[in-house]
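Step one of this worksheet: look at the structure below.
Every read-out reported here was derived from the displayed coordinates using simple, explicitly stated rules and does not represent laboratory data. A quick note: this is a predicted structure, and the numbers were derived from the prediction, not measured. So basically every Cβ, Gly included, is an ideal-geometry build from the backbone, and we count neighbours across all protein chains shown.
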Amino acid sequence: MEASDTNTQRNYYDDLATRALGQGHPLEEAIERAASAYLDGKPATQGKHKLAKKERDKLFWLSRAVKDCPTSAWSTEPMVLALARYLSQEQLAVEGLVNAVAQIAPDALIRAVRYSGLVLNQQPLRRAELTLAGASCPAVRELCRVLDIFDQAHRLRVKAVQAAKDRLTHLSAFDFLVYASLYAFECLVGKDIAAMKAGQATESRTELAWHAINDLLAWKLETADESSLKLNDASIGLSLARHLRPILFDEGRGGASEAVQNFHAFHALLDAQIELNEFISRSADAFCYDDSIRFVRHEDRLEIMEVDPAARTAWQNDGHKLRRLHDYWFHRAIDEFVEYVAGDPGRWDIGRPENADANRMAWLRALQAKLRLQEVYGIADEVTSDLGESVDVFQALLSLNLMSAHFERDFLVAFADRLDSMGDWRSALQKMTMDGFLNGMQNRLPITWSGREAKITNITGWTVTSSQPKGSPRMASAILDFWTYDMAVLAARLQRSEPGLQPHLFERPVLKFGATLVQLPWIVGMQNNSTAAINNLRRLGSRRGNVQEETQRIEASLARVLESRGFRVQPNWQPPREEAFDDPGEVDVIAAREGHLFVLEVKSTFIRRSQREAWVHATTTLRKAGLQLQRKMAAVLRAVESSAEFRMAIGLNDGQSITHHHGWIVDTSIESDHQRFSGFLKISVEEMLIALRDDRHQLKDLSGFRTASPELTESPDQDQSYSRTTMYPDGFSAERFVKVIEAGVVWDEVGNDGQAMQGQGFLAC
């Protein structure tokens, strides 16, 4: 391994390790600290010079700390993650590094290779280093053979997708969406509606198709001509005449027309993209990020061996918990709606009588999402959109849910009803379309569009308030922009290869093509609008100016609920700076009761859908949170011992002492719940709120609930499937609260319904 080439220049990581050694920490821990700093992007500067990532890489990997790293330290999580970062890039090569680690810590190297994502991005330099190391290390040599099998399987699937794309390069983005819409009504909608009526979940095939279509739309935008992204009635009419009408209306539809050939090609392309996506999510990502399984090679074939069934079960249960949390907030919305109607029975009827039930359901869904956004994510009544407009959150949620209600009733259910009687998807879609034309020239095609101004006029009525009895066109415009996915803007960014998050179709379901807005009834009518709102704000909008304030509101909300349970609470406490200790930073929430001291580190993020996203969150945000909490807990305990003022602030009078202290990472996500980071328990905000409110009965299943019927006003005790038994039979206490959290008592009555989160199976290579 090369030594540092900067003998005259101090090395930040060496200084960090030396300082830790001087404080009495062992060498292994000193190197862990250096590696953790590297993973956290430190140092940001060197003198007045802002360090680029490649400069920081060089500084770390050529440091004395790495050169002197003992065998035991290579197996620690920070060093494994650091090595994974090295393997994921090609700008820096450290001679002999990989081979040296292979000789002294082969298991650490293998873990790092997995975490690096090298399985799908097999960079020549890194593979050459691994091949060299494999010459003298059988375990690494076997790893290289496994990587080869993955590489071949991946290449075959990529080739299949590309071959299918080549048949449809001539389609515009809108043409592509026309075929996607026909596909949805042929293969998805009828099954989704049937399952919905039966109270069954069918997310699997539908979500796979949605995500594949989202990926393929991005491909279309990457090569799109600017003019094709500006639609008008004439260009839309030409597209429909060429691509939709021959399939849906022309006789001899089984013939070899251009449209029919395109539709067959679309089927093949979507199947290929789904196969590729499934290979990545269920095989490659599992290889990289699922420590509960191992891939075992048998000649040129890989099989899955489960090594940690408990971890597999935990991941599967996360999906089940997400569904029950969705139900929890709907129950909370029902309770609030019952109180709202009780104050004024006239509020029961919303809109025209024939639409009242659907409107009530939309109102409940909007309230459900608003409660969750406010209490869990700290979202205010108004937020700022990407365009700088102020948007009323409830009105935005209500507008989207009313759109969903319209598409579900007038498109999806209407289609399913005709499909039941006619038995053929084309005939059913023909009938629905023609009935729409005969009933006031209503568009009932599988894809809809309108001008922006017309759309604003249509939804202005959804923005009616006591102060705006006729609605607000300005608010309607802001709401529309809030849910809009601009095709031209995204195309320009993709074509310039600029970094940035790509919206999913269900996060921003209004597709902007110039002055024309396009909507897909099969998405808007079936999507989870609560998840759409959360990810619109927390994933796509993670850099909004409101985000820091929102995190502070989460902290304040937790503080209020803790205070309501008799805790003395100190939010946002800034420890005094002490020369002998690292700056711990602000402590989010401190709470004390009955000798129990709680130090909470609060994190806010979005809802994830893959093991990779969950792993990245665990190894970045949560890993860092554990280190932060380590410093903060130490600072709080020092203050308890040394500061009478602080003791008074947390309710410790003379003679009282802290007998137990608990450091918890409280996160808006549920992934990695009840795992420990630097020894500290990680739990979700929602689990903590339910534990403090003692209302786990609200987690009962609502899969069969489809209408806002009058039974809403009846006693909630009528459903006996979930016990209303308190989690605190002897009364609330700090000791029992700790047991409720640490033992996961909130989830005791939530069984596994077998509906595991997507991504649980695996594809053989």
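The table for this structure:
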{"quantity": "Table column - 3J(HN,Hα) (Hz), segment 637-654, Karplus curve with 6.51, -1.76, 1.60, x for Gly and Pro", "calculated": "5, 5, 5, 4, 6, 10, 10, 5, 4, 5, 4, 5, 5, 9, x, 8, 8, 4"}
{"quantity": "Among beta bridges that DSSP assigns inside the chain, antiparallel share in %, nearest 5", "calculated": "65"}
{"quantity": "Amide H within-cut-off set for Lys603, under 5 Å, with H built and near neighbours excluded", "calculated": "Val666, Asp667, Thr668"}
{"quantity": "Unsatisfied cross-links (Cα-Cα over 18 Å) in the set Lys624/Lys739; Lys632/Lys682; Lys191/Lys700; Lys165/Lys512; Lys603/Lys682", "calculated": "Lys624/Lys739; Lys191/Lys700; Lys165/Lys512"}
{"quantity": "Summed side-chain charge close to Arg444 - residues other than Arg444 whose Cβ falls under 9 Å, Lys, Arg +1, Asp, Glu -1", "calculated": "-2"}
{"quantity": "Cleavage-rule hits, GluC sites (Glu not before Pro), segment 205-296, DSSP coil, Cβ neighbours within 10 Å at most 15", "calculated": "Glu251"}
{"quantity": "Residue-by-residue Karplus 3J(HN,Hα) for segment 370-379, coefficients 6.51, -1.76, 1.60, Hz, glycine and proline x", "calculated": "5, 4, 5, 4, 6, 7, 9, 10, x, 6"}
{"quantity": "Backbone N under 12 Å from the Ser390 label point (7 Å along Cα→Cβ), restricted to segment 445-478", "calculated": "475"}
{"quantity": "Relative contact order (percent, whole number), segment 547-747, Cα cutoff 8 Å, 6+ residue spacing", "calculated": "20"}
{"quantity": "Amide H within-cut-off set for Asp486, under 5 Å, with H built and near neighbours excluded", "calculated": "Lys512"}
{"quantity": "Under 5 Å, built H, 5+ apart or other chain: amide partners of Leu681", "calculated": "Gly663, Ile665"}
{"quantity": "Within the chain: Cβ-based charge dipole about Cα centre, in debye rounded to nearest 20 (Lys, Arg +1; Asp, Glu -1)", "calculated": "1360"}
{"quantity": "Low-density loop cleavage sites - trypsin sites (Lys or Arg not before Pro) in segment 159-193, where at most 15 other Cβ are within 10 Å (DSSP)", "calculated": "Arg167"}
{"quantity": "The chain, relative contact order in percent, only Cα pairs under 8 angstrom and at least six apart counted", "calculated": "13"}
{"quantity": "19 Å Cα-Cα reach of Lys370 towards lysines, excluding residues that sit fewer than 8 places from it in its own chain", "calculated": "none"}
{"quantity": "Low-density loop positions, GluC sites (Glu not before Pro), segment 286-338 - DSSP coil, at most 13 other Cβ in 10 Å", "calculated": "Glu299"}
{"quantity": "Cβ-placed point charges (K, R +1; D, E -1), dipole of segment 389-539 about Cα centre in debye, nearest 20", "calculated": "240"}
{"quantity": "Computed lengthening from Gln656 to Lys50, 0.36 nm per intervening residue step minus Cα-Cα distance", "calculated": "213.2 nm"}
{"quantity": "Environment charge of Trp425, counting only residues whose C-beta is closer than 10 Å and scoring Lys/Arg +1, Asp/Glu -1", "calculated": "0"}
{"quantity": "Net +/- balance of residues flanking Val636 in space, Cβ distance below 12 Å, scoring K and R +1, D and E -1", "calculated": "0"}
{"quantity": "Estimated dipole of segment 169-280 in Debye, rounded to 20 [Cβ of Lys and Arg +1, of Asp and Glu -1, Cα centre]", "calculated": "320"}
{"quantity": "Helix-only CD estimate at 222 nm, as mean residue ellipticity for the chain, using -39500 (n - 2.57) per DSSP H run (n ≥ 4)", "calculated": "-16000 deg cm²/dmol"}
